[in-house]
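All remarks here apply to the structure that follows.
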Amino acid sequence: MGWFGKLIGGTTGFFIGGPIGAVLGAVIGHSFDKRSELQEDRYKKTNNWNSGKSQTFSTNDQSQMIFFVATFSMLGKMAAADGTVSNIEIRTIEDFIDRNLRLNIAEKQFAMRIVNTSAASNEPFEKFAQQFYSLFYNQPQMLRTMYDILYKVATADNILARDEEKILDSATRIFNLKSRESNASYTSSSASSNDKNYSILDCKKTDSIDTIKSAYKKLVKDFHPDAIASKGLPEEFTKFASQKFREINQAYEEIRKERNF
């Protein structure tokens, strides 16, 4: 993570407002100047993002940093959704880091500080999700990847708790995603692979072949590795997003064979 080295090296040059910025500021111990405080106040009133002119962080650096901080901020809020953060919830997030992201020790420690800081924050999950959407509303890859990360961690124990389900419902609504009616089927031992295939394509069994083809083409376009690489997704998350691309193709092939088209 190029941005991470710049950040811990004391580089400044751009500002994130809102709850994401507050968590980042608390984690790195950065004291915002008066101008930044005014920007943060303006964010609270407009629910928008304000940035200063950056001479050291590229646009891609900024996008990657925001995605990283937002991810672990929202995972922190999910862990604290029931009022407490259990050791099991912490281990689940750490396992996601180790298995899916493979961050180094310093990056992992930074990520877990974000989790703990966010969990202790008075800001609700919805505020983090709303700010994230305001930044990436025109990049469906980023929104879907964030949702899938939240979903993967929430269901890592094969149980979707009520508090976790509320978080996912909020993310679905705020990110303006299609309703995931078959979310529960992922965690059900009785669920068929066929049910999951339709859910992966955001489709229903009753949808027409043309609807399924259209949904597939859009997802392939959004999640093609070249598209993902160009959108500012942190490189550690790119592999996770690429798994989605493979799932989309596999799900489509299985539905195509089943329905003979």
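The values are calculated or read from the model by the stated rules, or taken from the named source; none is laboratory data. Given the structure is predicted, the values throughout are model-derived calculations rather than measurements. Please note: Cβ atoms are built from the backbone with ideal geometry, for glycine as well, and neighbour counts cover all protein chains shown. Heavy atoms of the whole protein, side chains included, go into the accessibility calculation; ligands, DNA and RNA do not. Shrake-Rupley method; radii C 1.70, N 1.55, O 1.52, S 1.80 Å.
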- Message: If packing is taken as the average count of other Cβ atoms within 10 Å, what order do 121-132, 214-225, 98-109 fall into, highest mean first?
- Response: 121-132, 214-225, 98-109
- Task: Leaving out ligands and nucleic acids, note down the accessible area per residue over the range 56-126 with a 1.4 angstrom probe, in whole Å².
- Result: 44
- What list of ³J(HN,Hα) values in whole Hz, one per residue of the range 194-209 in order, does the Karplus curve 6.51 cos²θ - 1.76 cosθ + 1.60 (θ = phi - 60°) give from phi, with Gly and Pro shown as x? 4, 4, 5, 4, 5, 5, 4, 8, 6, 10, 10, 4, 7, 5, 6, 4
- Message: Between GLU235 and ALA26, how high is the FRET efficiency from 1/(1 + (r/R0)^6) when r is the Cβ-Cβ distance and R₀ = 22 Å? Nearest 0.05.
- Response: 0.30
- Item | Under 15 Å from the Cα of LYS205 - aspartates and glutamates, other chains or at least 8 residues apart | GLU181, ASP195, GLU253, GLU254, GLU258
- Phi angles of the range 101-112, converted by Karplus (6.51 cos²θ - 1.76 cosθ + 1.60, θ = phi - 60°) into ³J(HN,Hα) in whole Hz with x for Gly and Pro, give 10, 6, 6, 6, 4, 5, 5, 5, 4, 5, 4, 6
- Of 151-158, 17-24, ordering from highest average Cβ density within 10 Å down gives 17-24, 151-158
- For 240-249, 137-146, ranked highest to lowest by mean beta-carbon neighbours within 10 Å, the order is 137-146, 240-249
- Message: Multiplying the sequence separation of TYR137 and LYS178 by 0.36 nm and subtracting their Cα-Cα distance, what value in nm do you get?
- Response: 13.3 nm
- So what J values fall out for the range 74-90 if you push phi through Karplus, 6.51 cos²θ - 1.76 cosθ + 1.60 with θ = phi - 60°, rounded to Hz, Gly and Pro as x? 6, 5, x, 5, 5, 5, 9, 4, 8, x, 9, 10, 7, 4, 5, 5, 5
